[in-house]
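Remarks on the structure that follows.
The values are calculated or read from the model by the stated rules, or taken from the named source; none is laboratory data. Quick caveat, the model's predicted, so the values are computed rather than measured. All Cβ positions, glycine included, derive from the backbone under ideal geometry; neighbour counts span all protein chains shown. Accessible surface is based on the protein model in full, side chains and every heavy atom, while ligands, DNA and RNA are left aside. Shrake-Rupley method; radii C 1.70, N 1.55, O 1.52, S 1.80 Å.
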Amino acid sequence: MYFLHKLPKRKMLIIVGVIGMIITSFGYATHYDKTKKSYDIMIHKESTLSSLKIAAVSDMHIGTGTYLQDIQNFVKKINQEQYDFVFLIGDLFDETTPIEMINDVMNSLSKIKTTYGIYAVNGNHEHYANILDQSIYEKHNIKLLNEKYVCIDGFINIVGREDVINHDSLSIDEITKGMDTSLPTIVLDHNPKRYQDVKDIADLQLSGHTHGGQIFPMTLATALIYDNANGILQKEDFSLIVTSGYGSWGFPMRLLTNCEYLDIKITFTKK
């Protein structure tokens with residue numbers, strides 16, 4: 001610091017400018033470096049299957065540094081492996097998404113190959129942008145689980161929650177009325193805030209929204225707001241996985257956080 005004070009103002013501005021350019025360039029490069037983050041989860045319930053392989057992605061933010069070519073690259077990566085499910089956990093679209101791009105994006109995502117299908121929930125930005133038409137998903141064979149659950153072939157429940165920003169959303173008890181909770185159960189909820197509501201009936205919740213803070217030092221503030229802002233939180237037989245997201249919000253930049261999608265192997269075993 002003493003050395004900087006002794007520098008002429010012009011040289012100091014140049015140094016600060018160069019440092020700023022390096023940080024910005026690094027941030028842009030990190031945004032475009034998409035990584036796979038893997039987890040192994042054990043669910044202590046019997047199933048007709050011994051294991052499942054799941055891919056999950058959140059916060060693509062189409063239009064903010066994520067475009068059609070990025071989606072096509074993502075689909076290519078996913079199809080290099082055989083996933084049983086692919087989950088889209090909200091903020092696929094936001095206020096910057098060109099309307100004319102939506103159909104092309106969904107058409108690309110529909111080319112994902114899975115054993116049991118592609119399931120999606122809305123995030124807060126789908127609400128802000130008013131991109132909530134369920135038929136957008138249905139005509140591309142992607143199932144939007146807004147406030148409902150499905151039981152897949154009698155071996156697992158998938159529960160979809162509307163984003164917490166929707167104040168008319170149903171309680172988890174209303175959504176899962178009549179559901180067989182003895183089956184393995186996965187909850188998709190864009191925002192991780194409400195995980196306490198589901199931990200007694202679900203085995204795994206997948207969330208996004210936080211971006212892991214996206215840019216340091218916001219990572220520190222985000223860690224104070226959420227019990228789990230990024231990564232995995234386990235409480236007894238329940239796991240909450242929060243992804244830092246595949247894209248960025250506001251502008252395409254990351255600093256000390258990653259752009260990622262989730263690769264999850266679930267093993268079923270009775271205690």
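From the list Phe87, Phe93, the lone residue that is closer than 21 Å to Arg254 by Cα, buried (at least 19 other Cβ atoms within 10 Å of the Cβ) and modelled with pLDDT of 95 or more is Phe93.
A count restricted to region 69-83 and to residues that are more than 16 Å from the chain's Cα centre (by Cα) and either open to solvent by less than 100 Å² (accessible area, probe 1.4 Å) or among the charged types (D, E, K, R) (or both) stands at 7. The residues on offer are Asp227, Asp200, and the sole one that is surrounded by fewer than 16 Cβ atoms within 10 Å (Cβ to Cβ) and over 18 Å from the mean Cα position of the chain (by Cα) is Asp200.
Screening Asp104, Asp40, Asp33 for residues that are of a type in the set (Asp, Glu), open to solvent by 50 Å² or more (accessible area, probe 1.4 Å) and modelled with pLDDT under 95 leaves exactly one candidate, Asp33.
From the list Asp59, Asp70, Asp91, the lone residue that is assigned to a loop (DSSP other than H, G, I, E, B) and out of contact with any Leu (no Cβ under 9 Å at 6 or more places or on another chain) is Asp91. Scoring Asn191 on the criteria (1) over 13 Å from the mean Cα position of the chain (by Cα); (2) crowded, with 19+ Cβ neighbours inside 10 Å; (3) farther than 22 Å from Ile78 by Cα leaves a single failure, condition (1). Mind checking which residues of region 156-198 are under 20 Å from Lys45 (Cα atoms) and either at pLDDT below 95 or of a type in the set (Gly, Ala, Ser) (or both)? Those that are under 20 Å from Lys45 (Cα atoms) and either at pLDDT below 95 or of a type in the set (Gly, Ala, Ser) (or both): Gly178, Thr181, Ser182.
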